[in-house]
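Have a look at the structure below, then the notes.
The values are calculated or read from the model by the stated rules, or taken from the named source; none is laboratory data. Quick caveat, the model's predicted, so the values are computed rather than measured. In this analysis, Cβ positions are derived from the backbone assuming ideal geometry, glycine residues included, and neighbour counts consider all displayed protein chains. Ligands, DNA and RNA are excluded from the accessible area calculation, which covers all protein heavy atoms including side chains. Shrake-Rupley method; radii C 1.70, N 1.55, O 1.52, S 1.80 Å.
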Amino acid sequence: MGIKRKIKNTVMRGVGTVVNAVTDSVSQTKAGAGSGETSSEKMSALCRKAGAEGIVLLKNQNNVLPLSKDRVVSVFGRVQKNWFYVGYGSGGDVNAPYKVSLLDGLRANENITVNEELAKIYEDWCEKNPPDDGFWGNWPMSYEEMPISRKTVMDAAKKSDTAIVAIGRAAGEDRENTLTEGSYYLTKEERVLLSKVCSSFRKTVVLLDCGSIMDMAWVNEFDVSAVLYVWQSGMESGNCVADVLSGNVSPCGKLADTIAEKYAYYPSARFFGGREFNEYTEDIYVGYRYFETFRKDKVLFPFGFGLSYTRFEGKVTRVTRSENNEINLWADIRNIGERSGKYVAELYLSAPQGKLGKAERVLVTYEKTETLAPGESEKIRLTFNLSDFASYDDGGATGNKSAYVLEKGEYVLYFGSDVRSATECKRFTLERTIVTKQLSQICAPDPKTPFDRLKAVTDEKGKLKGVLERAPVMSENLRERILENLPETIEQKGDLGYKLSDVKDGKVSMEDFVSQLSFDELEAITRGGYIMNNPLGAKGNAGVMAGVLPSLREKGVPPVTTTDGPSGIRLAANCSLLPNGAALACSFNKKLVRELYSEFSKEMLERGSDIILAPGMNIHRNPLCGRNFEYFSEDPFLSGMTAAAVVLGVQESGLSACPKHFACNNQEVNRTKNDSRVSERALREIYLKGFEFCVKAANPHNIMTSYNKINGVWSHYNYDLVTTVLRGEWGYEGNVMTDWWMQKDESHEFPGIIDQGYRVRAGVDVLMPGGARVGKKKPDGTAKKSVKNGLTIGEFQQCAMHVLKMAMENKLGRYDFENEKAEVSE
């Protein structure tokens, strides 16, 4: 096991601080102290393993890595001591029981020998110059680097021929990375450091302690021997990195994002960061879908890329296609190198351009082998259904408007270890266009705010080029759709003595139970208990829902506690700090991620968390998004499968995950007001698709909407997003909650239905944490006003049944009604 030292925990920051200032809840100073709990040995081991498997080796010239004990290594860069373990904000603000820095991890590894004289210089300077972690939304992008003389560098070079330069970048909620030195670009001090080290050492290894992609053009400028993206792997960070550097673990991480030559080449570069809105002009051509289709020459490192200390040979032995277009591929993977390692098999699909235009290649499935010794092989099977990767015709170009279609023509499969090097393994032809799903238009752009989108077409020479076309706008009548699908109202009968446990035991139906509830109780069930750090839950919680009134608890409805995630449980107690989402996605290891979060769920049970507000799974549309560290990838399939692994792991213990932010929360600037203007096709194929994969594969019990608007409608008021798609098309039966607090608005289709009523009509079941940020903690009156203006009691009852079903499955049986002492503000 690695080093486990008690450290002084940081104070909980951010939204919680603001809330506690006005709610008389536990002070943040006290909450941040931690309560002494530690992580299980299994949790520590899984964090270490997952973090190591997410590390991506981008360059290893002349096999400078792995290191060996007989080679002294000199470590440069202050983050060797002041490591960035996770991003800032609610997703990473965890009171970890310990944290292993890079220097700690290197020293603890028996196969690595550190230049202690140089390490002492950095330790002394860091102690005298502690970093400033800033405050909510104003966190540092990086830390000031220690000035170092050429003499110090040359003295170090006399003691070792190998140098490690550690470069750190912070990420954070409620702010973006910026196109400045110290954020996306290297600082002058970092460039000087690299220049001095590279000119003095024969071998230079660069470690990137980052939450998201930064500029990498310097790789071709400086004579560096090896480069690794080590991401931010939480409390076991230093051990993870040391395991890979020493060769205890052969690097097996793969890039979950494309690294372009420069920022301007990313397709969203000119359409990101707007305060009022962003037009998603790149459409479906996000990340590698754009580069592999239009700009292959502008890529430094392609999607799916990552080196190993060994070599593999992958041979496809058989490919079959069934009548319903299920594809099965069998392959033999053999380690033909001299070290043990793991291989990631990636399968890509190229579809005919047809009338819609397509990305040149799309990831359709992947699988990671077990550790293979030299000469050892493993047989793998890859399976997917072609219909899951059909194209959506939002304008009727194929004659099938509002339908997923497989256009006629030739389809080609590519097998390999990254999107660029994968080679053809099978091709087949569809003789006719197949409609896989006929749906209805949803969330299309507003006719008042039209915009153009990118489309691939084939020119007269048979080459692909990009052209702009107008994105189809909304034409269907949402008002009629809503009225046609209103739920029936259950007769309100007053208290019949039923308990929620009676529903669970099959004695009465959920409808019978709900018939007892008064309007005040229905209103309460469709909001949280008003405050963060609610006394009905564990100290430091994000809020509670369901049994927030004494009368509800008397009916056997338990309060359900939410806690922030995804890199751990944000509570007053000490909780494990996990590798961030970017690192987990780069592991390409669904099995390991599920195992990690299965163990994590045991910690949730011990700490009193019923719902972890995770995974975060918004698409990496642009490398500057401040919360990319929480999210997984530019690819919806990789995002969806990694998220599904998280959900399945968490829910093994009867608890709940809560995928977020549904949907298009792709930037932090003005996130509560910003409008994501996106075509229906891109919305369905890119920004909703990952959620669809997750919902269908893992059935999360909760989902959280996003802050932003989608084509003019806030997600927490978006009927088509939540009711038409999530529930109607995907069959979701769980609970839907808002992100914390929401914007006031009036229904576009039903004037007079406002705020809480508007939300309920959309099918968003719960407002969290339950009321305004400041002011009295009582109903705001908009629910009753909306009922007077046409909202039905049946709509409240439907939301209540979703909440109650979730509470019954996730908390009932674990809450002690008999000994309840806590009270909640009503």
Determine the distance separating the Cα centre of the range 395-415 from the Cα centre of the range 36-74; give it in Å without decimals. 44
What is the range 41-132's relative contact order, in percent, from Cα pairs under 8 angstrom and six or more apart in sequence? 37
With every protein chain left in place, what is the accessible area per residue of the chain in square angstrom, probe 1.4 Å? 35
Just to be sure I understand the model, the point goes 7 Å from the Cα along the line to the Cβ. What's the resulting Leu430 to Ile336 distance in nm? 3.5
Rounded to whole angstrom, the alpha-carbon centroid of the range 484-551 lies from that of the range 114-141 at a distance of 50
Length gained, Asp133-Glu261, 0.36 nm per residue minus C-alpha separation, equals 43.0 nm
Please compute the Kirkwood hydrodynamic radius of the range 745-812 from all pairs of different C-alpha atoms, in Å with one decimal. 12.8
At R0 = 22 Å the Cβ-Cβ FRET efficiency linking Thr449 and Asn789, nearest 0.05, sits at 0.20
Once neighbouring chains are kept in place and the probe is 1.4 Å, which whole percent of the accessible area of the chain is contributed by carbon and sulfur? 47
Given the protein chains as shown and a 1.4 Å probe, how many square angstrom of Met43 are accessible, to the nearest 10? 0
Hey, what angle do you get for helix 590-607 against the long axis of the chain, alpha-carbon based, 0 to 90 degrees rounded to 10? 60
13 Å reach of a label modelled at Glu469, 7 Å along Cα-to-Cβ, counting backbone N of the range 346-390: 353-359
So the angle from the long Cα axis of helix 793-810 to the longest Cα principal axis of the chain, reported in degrees to the nearest 10, equals 50
Expected unfolding gain across Ser387-Thr38 under the 0.36 nm per residue rule, minus the alpha-carbon gap, is 121.0 nm
Using per-residue counts of other Cβ atoms within 10 Å, averaged over each peptide, order 386-394, 655-663, 188-196 from highest down. 655-663, 386-394, 188-196
With point charges of +1 on the Cβ of Lys and Arg and -1 on the Cβ of Asp and Glu, referenced to the Cα centre of the chain, which listed residue (Tyr717, Ile259, Ser598) lies farthest in the positive direction of the dipole? Ile259
FRET efficiency (Val457, Arg321; Cβ distance; R0 35 Å; to 0.05) is 0.80
Given the -39500 (n - 2.57) contribution per DSSP H run of 4+ residues, what per-residue ellipticity at 222 nm results for the chain, rounded to the nearest 500 deg cm²/dmol? -7000 deg cm²/dmol
Of Lys379/Lys689; Lys358/Lys448; Lys744/Lys785; Lys555/Lys744; Lys455/Lys591, which sit over 25 Å apart, Cα to Cα? Lys379/Lys689; Lys358/Lys448; Lys555/Lys744; Lys455/Lys591
In whole percent, what relative contact order does the range 340-447 give with Cα contacts below 8 Å and a gap of six or more residues? 28
Below 8 Å, C-alpha to C-alpha, sequence gap of six or more: please give me the relative contact order for the range 631-789 in percent. 21
Only Lys, Arg, Asp and Glu count, each charged at its Cβ (+1, +1, -1, -1), so figure out the dipole size of the chain about its Cα centre, rounded to 20 debye. 1440
Which links in Lys401/Lys426; Lys196/Lys342; Lys254/Lys590; Lys69/Lys203; Lys401/Lys463; Lys465/Lys696 stretch past 25 Å when you go from one Cα to the other? Lys401/Lys426; Lys196/Lys342; Lys401/Lys463; Lys465/Lys696
According to a simple spin-label model (label point 7 Å from Cα along Cα-to-Cβ), what is the distance in nm between Thr672 and Ser199? 5.1
Would you give the gap between the C-alpha center of the range 254-326 and the C-alpha center of the range 570-626, rounded to a whole Å? 24
Give me the three principal axis extents of the range 377-510 from the C-alpha atoms, as integers in angstrom, largest value leading. 75, 56, 27
What's the percent breakdown of Cα-Cα distances in the range 704-826 across 10 Å bins, shortest bin first? 13, 40, 34, 11, 2
Residue span Arg479 to Glu818: 0.36 nm per residue of separation minus Cα-Cα distance leaves a gain in nm of 117.4 nm
Helix 150-159 sits off the longest principal axis of the Cα atoms of the chain, rounded to the nearest 10 on a 0 to 90 degree scale, by 70
7 Å from Cα along Cα→Cβ at both Glu181 and Asp495: what's the point-to-point distance in nm? 7.0
Using a 1.4 Å probe and ignoring any ligands, DNA or RNA, find the accessible area of Arg381 and quote it in Å² to the nearest 10. 130
If the only charges are +1 at each Lys and Arg Cβ and -1 at each Asp and Glu Cβ, what is the size of the charge dipole of the range 280-332 around the Cα centre, to the nearest 20 debye? 220
Ranking Trp125, Trp330 from most to least accessible area with a 1.4 Å probe gives Trp330, Trp125
Rounded to the nearest 0.05, FRET efficiency between Glu123 and Ser149 (Cβ-Cβ, R0 22 Å) equals 0.80
